[in-house]
Amino acid sequence: MIYNAYEILGLTESATREEIEARYLELREKYQRDRFLPGDEGEEASEKLQQLEVAHRDLLIALDEQEHAANFTEDTDYSKIQDFIKGGNLDEAQKLLDERTTRDAEWHYIQSILFYKRNWFLESKKQLELACQMEPNNQRYKQSLEKLTKILASNTISPDQMRTNSRPVDDGPRMGAGNGTCTGSVCTDCLLCNMCCNCCQCMGGGC
């Protein structure tokens, strides 16, 4: 803040929320009464009333931020996951998110971002809806849900993407696992090769 909000209320920076509220109500009553005085005295009271309202609002915002920081634990810190998302490392971000035991509203919000990044739009919307249900007054969640709802209602998403409404299940090794095999397993490759050879022999022999 460029100005000193505490000074406007005549308080020190160690003032509690209760002291701020009490002083605010006291000064507001005084300035509301004095603004009807004639001349400069009334104009000064009106100006101070406006300053008081701004200072009171800014102090409450500052207090909320301080309390949030004081209650900020490692379990609610999503900054590392968000860094992975910003860097495009979605797999690592998902891994860290899955490892968390607390599934709060922010967890579902971050999950919605990951799904959106993968173009799983319907699943992203479900996660945003959960976040909004858990924290209905969170404007960030509400605005994100409103924007996504508008996107889904438009014609900018292909039908194939719209049908992607569930998260793929990790069912073990996949084709092309990156270890020099077709299936990710040497034994499985041998079995697959034998099956193909048998099929070719049968077809050539008229079986």
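Before moving on, here are some points about what is shown:
- Selection from the range 12-41 of residues that are closer than 12 Å to Leu52 by Cα and either surrounded by fewer than 13 Cβ atoms within 10 Å (Cβ to Cβ) or of a type in the set (A, V, I, L, M, F, W, C) (or both): Ile20, Leu25, Glu26, Leu27, Glu29
- Exclusive hit being within 26 Å of Leu145 (Cβ to Cβ) and crowded, with 17+ Cβ neighbours inside 10 Å, set Ala131, Ala55: Ala131
- Against the numbered list (1) part of a loop (DSSP other than H, G, I, E, B); (2) open to solvent by 60 Å² or more (accessible area, probe 1.4 Å); (3) at pLDDT 60 or above, Asn165 comes up short only at (3).
- Any chance Glu65 is at pLDDT 95 or above and either out of contact with any strand residue (DSSP E or B) (no Cβ under 7 Å at 6 or more places or on another chain) or closer than 30 Å to Trp107 by Cα (or both): no
- Matching residues in the range 1-45 - criterion: being out of contact with any Leu (no Cβ under 7 Å at 6 or more places or on another chain), free of Cβ contacts under 8 Å to residues at least 24 places away in the same chain, of a type outside the set (Gly, Ala, Ser) and not in a helix (DSSP H, G or I): Ile2, Asn4, Leu11, Thr12, Glu13, Thr16, Phe36, Leu37, Pro38
- Every test in (1) open to solvent by less than 60 Å² (accessible area, probe 1.4 Å); (2) out of contact with any Ser or Thr (no Cβ under 6 Å at 6 or more places or on another chain); (3) of a type outside the set (Asp, Glu) is passed by Ser124 save one, and that test is (2).
- Criterion applied to Lys142, Lys95 was being assigned to a helix (DSSP H, G or I), open to solvent by 90 Å² or more (accessible area, probe 1.4 Å) and at pLDDT 75 or above, and the one residue passing it is Lys95.
- For beta carbons closer than 8 Å, sequence separation of 6+ or different chains, a first residue in the range 120-134 that is more than 18 Å from Asp104 (Cβ to Cβ) and at pLDDT below 95 and a second that is among the aliphatic types (A, V, I, L, M) and open to solvent by 20 Å² or more (accessible area, probe 1.4 Å), the qualifying pairs are Phe121/Ile151; Phe121/Leu152; Phe121/Ile157; Phe121/Met162; Leu122/Leu152; Leu122/Met162; Lys125/Leu145; Lys125/Leu152.
The values are calculated or read from the model by the stated rules, or taken from the named source; none is laboratory data. Being a predicted model, the structure only gives us computed values, none of them experimental. Using ideal geometry, Cβ is built from the backbone for each residue, glycine included, and neighbour counts are taken over all protein chains shown. To get the accessible areas, we keep the full protein, side chains included, count just its heavy atoms, and leave off ligands, DNA and RNA. Shrake-Rupley method; radii C 1.70, N 1.55, O 1.52, S 1.80 Å.
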